[in-house]
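The values are calculated or read from the model by the stated rules, or taken from the named source; none is laboratory data. Not measured: the values here are computed from a predicted model. Ideal geometry is used to build each Cβ from the backbone, glycine not excepted, and the neighbour counts take in all protein chains shown. Protein only, heavy atoms only, side chains kept; ligands, DNA and RNA dropped before computing areas. Shrake-Rupley method; radii C 1.70, N 1.55, O 1.52, S 1.80 Å.
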Amino acid sequence: MVPLKKQGSKRTAGVERPAKAGRKKPAVRRFSVAQKLDLIRKYEACSQSMHQFCETHQVTTGSLCKWRKQYREGGVLGLESKSNPRNTGNRFRSWWEDAWQDDDFLMEE
């Protein structure tokens with residue numbers, strides 16, 4: 001028997017649905033340029049739909065579409081991973097290091 005759980009919204013108040021058993025968030029996978037290129041070439045050579053191909057090779061359709069576009073626009077170099085310019089990592093690090101070196105920043109007792 002499938003365990004039931006109650007839904008919390010007003011729309012589904014009192015309605016019981018089967019719980020999602022064993023569903024876990026998939027692990028993040030990183031693909032090398034060679035792997036991306038291999039998947040693109042395999043997809044272009046096959047007669048499957050994109051959905052079927054991606055399901056078979058455990059890749060999202062969004063990733064494959066993005067890689068195909070990157071390959072069309074930039075060739076093999078377009079498939080290389082690029083860092084996000086907005087993600088600077090620890091953006092306050094230099095400020096903190098400068099402030100820590102400053103004598104005025106340290107409070108004396």
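For the set Phe31, Phe53, solvent exposure ranked by accessible area (probe 1.4 Å, protein chains only) runs largest to smallest as Phe31, Phe53.
For Val59, the accessible area of its heavy atoms, probed at 1.4 Å with every protein chain present, is near 20 square angstrom.
Describe numerically, in nm with one decimal, the distance between label points set 7 Å from Cα along Cα→Cβ at Thr61 and at Cys46. According to this spin-label approximation, the distance is 1.4 nm.
Surface listing: Tyr43, Tyr71 arranged by accessible area from highest to lowest gives Tyr71, Tyr43, probe 1.4 Å. Ordered by 1.4 Å accessible area with all protein chains kept, His51, His57 run largest first as His51, His57. Each Lys and Arg Cβ is given +1 and each Asp and Glu Cβ -1; about its Cα centre, the stretch 26-90 then shows a dipole of about 180 debye.
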